[in-house]
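Structure record follows, encoded as structure tokens.
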Amino acid sequence: MAGEITHVEIPSDDWERAQSFYAELFGWKIQQVPGMPDYAMFQSGPGEFGGAIGKRGVSAPDRLRIYVEVESLEPAVAKVKELGGSVAVEITDVPGQGRYAAVVDTEGNEIGLWEALTA
């Protein structure tokens, strides 16, 4: 659904330490993503919101990034620019899942935009 927060990426300097911290604090089950070194997915609960923990600047951004679903990336990215924002990461494919871009709002915050593959 457009406008829904779909994912969050948590950057870490010590990837194993960060996984342990969140697993112990919230009881999250954290699993390595095959083929994606230093990137592990979590879900906050059954069928609930999820995200990933990655190495800062390597497999995750430098700062916490939330992803918001959009119907189509091209018009959403154009709207960001029209409203005074900018693009931090150009539209990028995630094979078998969808596409994303990262934009910067007028206050300097980076936000991920996510377009899921249609069935």
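The values are calculated or read from the model by the stated rules, or taken from the named source; none is laboratory data. Fair warning: this is a prediction, and the values are worked out from it, not measured in the lab. Every residue, glycine as well, gets a Cβ built from its backbone with ideal geometry; the counts of neighbours run over all protein chains shown. Surface accessibility is based on the protein's heavy atoms, side chains included, excluding ligands, DNA and RNA. Shrake-Rupley method; radii C 1.70, N 1.55, O 1.52, S 1.80 Å.
Taken over segment 89-119, the criterion of being in a loop (DSSP other than H, G, I, E, B) and either open to solvent by less than 50 Å² (accessible area, probe 1.4 Å) or more than 16 Å from P75 (Cβ to Cβ) (or both) is satisfied by P95, G96, Q97, D105, T106, E107, G108, N109, L117, A119. Can you confirm whether segment 66-81 contains a residue that is more than 18 Å from A2 (Cα to Cα), out of contact with any Leu (no Cβ under 8 Å at 6 or more places or on another chain) and not in a loop (DSSP other than H, G, I, E, B)? Yes, there is a match, as at least one residue in segment 66-81 is more than 18 Å from A2 (Cα to Cα), out of contact with any Leu (no Cβ under 8 Å at 6 or more places or on another chain) and not in a loop (DSSP other than H, G, I, E, B).
Report yes if W15 is surrounded by 11 or more Cβ atoms within 10 Å (Cβ to Cβ) and touching an Asp or Glu at 6+ places or on another chain (Cβ under 6 Å), otherwise no. Spelling it out, W15 is indeed surrounded by 11 or more Cβ atoms within 10 Å (Cβ to Cβ) and touching an Asp or Glu at 6+ places or on another chain (Cβ under 6 Å).
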